1. Assuming 0.36 nm per residue, please report the length gained on full extension of the stretch VAL50 to SER36 beyond their Cα-Cα distance.
2. As I understand it, the dipole of region 1-149 uses +1 on the Cβ of Lys and Arg and -1 on the Cβ of Asp and Glu, about the Cα centre. Which of LEU49, PHE7, MET102 lies farthest toward its positive end?
3. In the chain, which Cys residues have no partner Cys with a Cβ closer than 4.7 Å?
4. Would you work out the charge dipole size for region 94-194 about its Cα centre, treating the Cβ of every Lys and Arg as +1 and the Cβ of every Asp and Glu as -1, and quote it to the nearest 20 debye?
5. Please list, or write none, the aspartates and glutamates whose alpha carbon is within less than 12 Å of the alpha carbon of LYS143, excluding same-chain residues fewer than 8 places away.
6. With Cβ to Cβ distances under 14 Å as the rule, what net charge do the other residues near MET176 carry (K, R +1; D, E -1)?
7. Provide the net charge surrounding SER167, with neighbours chosen by a C-beta distance below 11 Å and charges set as Lys +1, Arg +1, Asp -1, Glu -1.
8. Computed from the coordinates I sent, semi-axes √(5λ) of the Cα gyration tensor in Å equals one of (1) 40, 18, 12; (2) 71, 12, 12; (3) 29, 18, 18. Tell me the label.
Amino acid sequence: MSGFAIFMVVFGVAFIALGLADHRAIWWRFQAQRHSDPAAAEPSSAGFLVQRLCCFAAAGLAFYGSWTNYQLHERERPDGAGQAEVLERTVAVAEWLDGSRMSPVFEGDDGAWNERMDPQLDGPERDDPTALLVWRSGELTPKGNVEHYEVSSTDGTTCLKVTAKPSADQPVPEGMSPIDFDLRAAAAEGPCTK
């Protein structure tokens, strides 16, 4: 809950307390000495009732403002998986990649394997975790490379390391860039280190 929402709740509680107080006693304590004839200047019972209703209305507005602020704050927060679930998904992706033979969808600045991994990381959340390339040993072709990806959650980070080597039997003539790679992968909790 934000500080503003808490302030509004306290403000609302204060106005409820003021609404429940004896307004006639408050008037006699703080306002009566300003008048030469306090009994004649005293507000009517209807006037005190209006003051009491205004206090309850102000409390209601404060609670409404607190509730809407809370809802907006909750809407802004990402609906993402926690660290335990992201780690579990990342380990599952590492197991899926490890020992497999694959060709990258394309080799981009964001890594050779993220297009294959990201759909595997998806879950029911609005903001699914994605693999972000944080380090690579060099270009994938022609000799293969090592790439480190970080998968972040709302409360932590998981590291996924992928090692790619050209497969021994390529479907292309020798001398051309390899298409298929043999992959090794491992996942660990925490940010990536070289």
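The values are calculated or read from the model by the stated rules, or taken from the named source; none is laboratory data. Keep in mind the model is a prediction, meaning the values are calculated, not measured. Quick reminder, even Gly has a Cβ in these numbers, built from the backbone with ideal geometry, and neighbours come from all protein chains shown. In case anyone asks, the SASA skips ligands and DNA or RNA and just uses the protein heavy atoms, side chains included. Shrake-Rupley method; radii C 1.70, N 1.55, O 1.52, S 1.80 Å.
1. 2.6 nm
2. LEU49
3. Unpaired cysteines in the chain: CYS54, CYS55.
4. Values: 9 positive and 20 negative charges, 89 e Å.
Charge dipole of region 94-194: 420 debye, to the nearest 20.
5. Straight-distance partners of LYS143: ASP180, ASP182.
6. -2
7. Taking every other residue near SER167 into account, the sum is -1.
8. (2)
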